[in-house]
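Have a look at the structure that comes next, please.
Quick note: the coordinates plus some simple rules give every number you see, no bench work behind them. Source: prediction; values computed, not measured. Cβ atoms come from the backbone with ideal geometry, glycine included; neighbour counts cover every protein chain shown.
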Amino acid sequence: MQYQWITAPFAIFSLILLVIALFMLLRKDWILGWIKGTAGFLFLTLSIIMGLTALNVNAYRPVDKEVTVATISFDKLDNQFYKANVVMSSSGSEMPFEISGDLWQVDARVIKWKGLLATLGGRPGYKLDRIQGRYFTLEDERTKPRSIYALSNPDVGFDLWNALDSLSNHFAWFDAEYGSATFLPMADGALFTIQLTNNGLIARPENDRAIIAIKEWE
């Protein structure tokens, strides 16, 4: 189940407004002239905005308390060069990446509903944003190639998270937060889980190779 409680009303109103807009714009007898034309374009614009909102909200996954959002495993290809295999918990899809560096980090966009929206059943939602690599030393960080990859498709039409982040300064209905797991070392055969909690993203080692890599790094 995703955000049917919010995507369905937006989608329905989008279709209703689209029908009204087309009815007004396609009629030949423009009795009210430019007033009806203006109203038609207004309804058409609102229809597009609400439709895109429904589409973009639907890209977020609801979360209860603490949930595993992905697992990531590493295979060493060369010195400071790894293949990372990210498995999304929501869909089971696998995403392979080649990452340069010594460390890795995953970022996520989180939306938290407040007030009436939370009362109606709105749960926090997340969308994994990107994975990136980093080097141990500042010299390597400055001179060697960097790796950064998107973990989800960009929003359609407008950036929902940025829009809500701006609106949250004026409306106490939601919060838009950006979460990042702590940088952890890459190692051949290491396996980690990425979990989303009320305090943000947490990466946890899931096998001996990952535990040893963290101990050696610390």
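Using amide H atoms built in the peptide plane, which far-off residues or other-chain residues are under 5 Å from residue 90 H to H?
Placed amide hydrogens put nothing under 5 Å from residue 90.
Follow-up question, since we're still on this one. What full-extension length gain, to one decimal in nm, is calculated for residue 66 and residue 217 as 0.36 nm per residue of separation minus the Cα-Cα distance? List each step's numbers first, then the result.
Values: separation 151, 0.36 × 151 = 54.36 nm, distance 2.65 nm.
That works out to 51.7 nm of additional length.
At a 10 Å Cβ-Cβ cut-off, how would you order 149, 126, fewest neighbours first? All intermediate terms of the calculation are to be shown ahead of the outcome.
Details: 149 15, 126 22.
If I rank by nearby Cβ atoms, fewest first, I get 149, 126.
For residue 102, what residues show an amide H to amide H distance below 5 Å, using hydrogens built from the backbone and excluding near sequence neighbours?
Distant-sequence amide H within range of residue 102: 134, 135, 136.
Give, in nm to one decimal, the length gained when the segment between residue 46 and residue 136 is fully stretched (0.36 nm per residue of separation minus the Cα-Cα distance). Present the calculation step by step, with values, prior to reporting the outcome.
Values: separation 90, 0.36 × 90 = 32.40 nm, distance 4.94 nm.
Stretched out fully, the residue 46 to residue 136 stretch lengthens by 27.5 nm.
With label points built 7 Å along Cα→Cβ from the Cα atoms of residue 202 and residue 78, find their separation and express it in nm.
My value for the distance between the label points is 3.7 nm.
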